[in-house]
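The values are calculated or read from the model by the stated rules, or taken from the named source; none is laboratory data. Keep in mind the model is a prediction, meaning the values are calculated, not measured. Neighbour counts run over all protein chains shown; Cβ positions are idealised from the backbone, glycine included.
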Amino acid sequence: MPQPADFIEEQLPEGGAVLRLGGTLAISQIGDLDARLRATGAEVRQIDLSQIDHIDTVGAWLVYRTARDHGAQIIGADPDAQRLIAAVSGSDDVEVETPKLSPALRVLHEVGEAVVEITRMFIEFVGFIGQCVKGFLNLILHPRRFRVHSVIQHFDMVGVRALGIIGLMSFLIGIVIAQQGAVQLRQFGAEIWTVNLIGRLTMRELGVLMTAIMVAGRSGSAFAAQIGTMKITEEIDAMRTIGVVPVEALVIPRILATVIMMPLLGIYASLVAIIGGGLFCWMTLDMPPTTFVQRIREVTPLTDFYVGMVKAPVFGAIIALAGCFQGMRVHGNSEQVGLKTTAAVVQAIFLVIVLDAFFAVFFTEIGWD
């Protein structure tokens, strides 16, 4: 929740006072701050904005007017605050101190901010997963609150409408695997092993992995944009006001739809990739389709199918969680929607690849190699 704007007054050793503003300096959170600043009788020398979480044009005008009336210097302003203050002032009669750091300190400062942001985001993500688990348990205890129509709608968006692009991508990947495998194996007179390469790679790894990456870019970004837009337009606040839990209404249906559709899309992608590879083998290696199918059945163990089906729902859950989580983190303005949508895709793809590496080691250790 945004913190209301407030300030504290501190005396400077050399005389005068500094006003340290904090919270959200936006029109919805200012309250009586304007009247309190006007009533300040101290000799204000500085206005510190380092503790401001967010500032809009109204907040910038309030800071500018206070600094102008007292002849004070504005310190601790970030680039956005500086830009807004300069825009509302229309002149240079108010001094805004820009923090000056050496290149080395600037790098350390940015690295430190990145570490703090990643740590904060990880803690928030764990808390968000806890909210989702709590929401799921609440739906089990109160099944009438479960939104079946929402889940079916997301079946269509995540699965049915993705069949075309996933099918085309998988078909081309199957051809690429067959072509590259045949070129390399031809050096050893072992083109027949191209079938092994196609079957095992598509069923075990690339079918599910490439599908997960495509779903992350297509559906994960859509989840973040949809929920983020609802945050900006205060629809989620309105849902809370009328007693609807946003996690139950918006997040759980998306997670269930993605978890259920990912295995089906993975099977579909693997089959289409095998068809693409078989077509290449038929046209280039003169391998009849019946021979190709027979070889696929012989060289592709059933454990490869199990591996793909174990990974698919986990990937689906991660994609949906990342998209909804970043959507819920949107605040401030519409620019945040684009930033969080990008973050959702990057985070989902990164986590999918990390989990895929973990699964590869895990299944090798248990003998499913």
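Considering only residues of the range 236-282 that are crowded, with 22+ Cβ neighbours inside 10 Å and among the polar types (S, T, N, Q), which is modelled with the lowest pLDDT?
Filtering the range 236-282 for residues that are crowded, with 22+ Cβ neighbours inside 10 Å and among the polar types (S, T, N, Q), the one modelled with the lowest pLDDT comes out as Ser270.
Kindly indicate which of Ser221, Ser170 is in contact with a helix residue (DSSP H, G or I) (Cβ under 7 Å, 6 or more places away or on another chain), part of a helix (DSSP H, G or I), more than 30 Å from Glu248 (Cβ to Cβ) and not aromatic (Phe, Trp, Tyr).
Ser170 is the lone residue from the list that is in contact with a helix residue (DSSP H, G or I) (Cβ under 7 Å, 6 or more places away or on another chain), part of a helix (DSSP H, G or I), more than 30 Å from Glu248 (Cβ to Cβ) and not aromatic (Phe, Trp, Tyr).
So in the range 73-89, with the set limited to residues that are at pLDDT below 85 and not in a helix (DSSP H, G or I), which one is surrounded by the fewest Cβ atoms within 10 Å (Cβ to Cβ)?
Asp78
Residue-by-condition table, conditions (1) in contact with a Lys or Arg (Cβ under 9 Å, 6 or more places away or on another chain); (2) at pLDDT below 85; (3) aliphatic (A, V, I, L, M):
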{"site": "Pro4", "(1), (2), (3)": "no, yes, no"}
{"site": "Leu21", "(1), (2), (3)": "no, no, yes"}
{"site": "Ala26", "(1), (2), (3)": "no, yes, yes"}
{"site": "Thr40", "(1), (2), (3)": "no, yes, no"}
{"site": "Ile47", "(1), (2), (3)": "yes, no, yes"}
{"site": "Asp53", "(1), (2), (3)": "no, yes, no"}
{"site": "Asp93", "(1), (2), (3)": "yes, yes, no"}
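Yes or no: the range 333-342 includes at least one residue that is in a loop (DSSP other than H, G, I, E, B), modelled with pLDDT under 90, assigned by TED's automatic domain parsing to the domain that holds Gln179 and buried (at least 16 other Cβ atoms within 10 Å of the Cβ). Explain how you work it out, then say what you get.
Taking the range 333-342 and keeping what is in a loop (DSSP other than H, G, I, E, B), we get 333-334.
Remaining after also requiring modelled with pLDDT under 90: 333-334.
Retained after the next criterion (residues that are assigned by TED's automatic domain parsing to the domain that holds Gln179): 333-334.
Applying the additional criterion that residues be buried (at least 16 other Cβ atoms within 10 Å of the Cβ) yields none.
So far as the range 333-342 goes, no, none of its residues is in a loop (DSSP other than H, G, I, E, B), modelled with pLDDT under 90, assigned by TED's automatic domain parsing to the domain that holds Gln179 and buried (at least 16 other Cβ atoms within 10 Å of the Cβ).
All but one of (1) at pLDDT 90 or above; (2) not in a helix (DSSP H, G or I) hold for Phe188; which doesn't?
Phe188 satisfies every listed condition except (1).
Considering each residue of the range 223-256, count those that are under 10 Å from Ala320 (Cα atoms) and of a type in the set (A, V, I, L, M, F, W, C), and give that number.
Keep residues of the range 223-256 that are under 10 Å from Ala320 (Cα atoms), which gives 223-224, 251-256.
From the residues that got through so far, the ones that are of a type in the set (A, V, I, L, M, F, W, C) too are 223-224, 251-252, 255-256.
Final tally of qualifying residues: 6.
Which of the following residues is outside the structural domain of Val244 (by TED's automatic domain parsing), surrounded by 12 or more Cβ atoms within 10 Å (Cβ to Cβ) and either under 30 Å from Ala249 (Cα atoms) or without any contact (Cβ under 8 Å) to a residue 24 or more places away in the chain (or both): Phe122, Phe128, Phe146, Phe155?
So the residue among Phe122, Phe128, Phe146, Phe155 that is outside the structural domain of Val244 (by TED's automatic domain parsing), surrounded by 12 or more Cβ atoms within 10 Å (Cβ to Cβ) and either under 30 Å from Ala249 (Cα atoms) or without any contact (Cβ under 8 Å) to a residue 24 or more places away in the chain (or both) is Phe128.
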